[in-house]
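Worksheet: one structure, shown below.
Where a number appears in this text, it was derived from the coordinates with a stated rule and is not lab data. For clarity, every value in this text was computed on a predicted model and none was experimentally measured. All Cβ positions, glycine included, derive from the backbone under ideal geometry; neighbour counts span all protein chains shown.
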Amino acid sequence: MSLGGEKSFKMRMRDMENAFKYRRIPYPKRSVELIAILAISCTFFLFMHTNKLNSRLKEMEIKLQPSEFSALGLTGNQISPRESSRRDNINTLHGTYQYLKSTGQLRSLSTSSLNNTRKADIDILFFNRCAKVGSESMIQLLGNLETINGFNLDRFGPGKGARRNLHPREQERVADYVFRLGAGSVYVEHIAWINFYDFGLPKPIYINLVRDPVERVISWYFYARNAYKNAWVFRKNPNANLKSAVWFKKDFNECVRSGDPECQYVPYTFVDSTGNFKRQSLFFCGQNLDCLPFDSPYAIQIAKDRVERDYAVVGSWEETNVTLTVLEHYIPLFFSGAKSIYYCNFSQFY
């Protein structure tokens with residue numbers, strides 16, 4: 001190849017290289033807009049997902065580190081994901097703790113001073129369980145702990161079915177039965193708080209569970225329509241009136257909106273159209289007639305006072321880890337190893 005030909009070839013190659021180098025690939029305008037929208041959407045959803053994960057991590061941090069809240073005995077409060085992101089909210093466990101800490105009220109408090117277990121006169125655990133709070137799971141847990149911790153579990157007793165309040169003679173009969181079980185026993189019954197001192201008997205260790213009141217009412221509504229429950233009732237009372245198919249299929253929201261007497265929750269009412277346990281506070285307020293009006297501020301205040309003075313632990317399955325931690329530390333005689341048993345046999349409790 002001559003010198004001129006070689007030079008001409010190199011020039012052509014350079015021109016071709018430059019042509020490819022500066023060549024622009026055209027994109028339709030709509031495609032560019034679509035790519036921009038997708039990029040913005042991905043960024044937004046990534047931000048939302050990260051924010052949600054951060055909230056859940058904060059919530060789990062509170063649940064898995066219960067020591068500071070356990071010291072306050074605040075096992076019945078509920079932390080929702082929305083509240084956990086507002087940790088300064090006084091309605092949350094963390095918010096209450098921070099408020100008490102900032103006002104200096106924690107300085108005079110200690111776990112020993114808050115533990116009402118030491119105020120009991122006899123080592124008998126009285127679980128006067130509220131209805132529809134997960135008490136069956138607690139009974140299952142106590143049954144698993146019975147052999148391990150060497151106590152006696154009694155869940156039947158002398159009762160003739162759960163009632164809202166008892167005559168003093170019936171209260172005395174229950175109190176005497178519990179006392180005769182002896183130390184190292186656990187008694188479980190759907191029954192309002194009883195003052196053992198009224199009958200000259202030593203006070204047991206009281207515990208209970210609570211639940212979100214709306215969730216609890218809804219749970220009771222569908223429990224009353226449970227096929228197994230109704231089969232059990234009719235087996236005991238073959239002549240009882242059978243409810244209609246419409247009643248069994250009735251939706252809760254429809255029941256409330258239609259003003260059905262079964263779904264009326266009127267403050268200060270004494271009488272209900274059907275038997276129910278919608279008064280969660282009644283289990284803590286006690287047998288006094290002042291405790292009967294529904295949603296009565298006075299009855300609720302009495303219940304809160306009973307919890308402060310007489311209950312060793314009031315927990316919630318909505319805060320399982322905190323509740324079991326407090327039970328283990330405050331009542332080790334009966335609940336030693338409770339968390340290990342619960343988490344190793346998790347499927348049994350649901």
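Remarks
- Applying a DSSP loop filter and a limit of 14 other Cβ atoms within 10 Å to the chymotrypsin sites (Phe, Trp or Tyr not before Pro) in the stretch 230-331 leaves Y265, Y268, F270.
- Around E308: net Lys/Arg minus Asp/Glu count, Cβ-Cβ under 15 Å: +4
- A crude spin-label estimate for the pair Y343 and E136, with each label 7 Å from Cα along the Cβ direction, gives 2.6 nm.
- Convex hull of Cα atoms in the stretch 115-349, direction-averaged projection (nm²): 13.6 nm²
- Kirkwood hydrodynamic radius computed over the stretch 222-350 comes to 18.3 Å, based on all pairs of distinct alpha carbons.
- 27 Å Cα-Cα threshold exceeded, pairs from K249/K339; K278/K339; K249/K304; K132/K236; K119/K304; K249/K278: K249/K339; K278/K339; K249/K304
- For the stretch 250-289, the C-alpha radius of gyration sits at 1.34 times the compact-globule guess of 2.2 N^0.38 Å, with N the residue count.
- Projected-area average for the stretch 164-301 over all orientations - Cα convex hull basis, square nanometres: 10.4 nm²
- Counting Cα-Cα pairs of the stretch 103-184 in 5 Å increments starting at 0 gives whole-percent bin shares of 3, 10, 16, 19, 20, 14, 8, 6, 4, 1.
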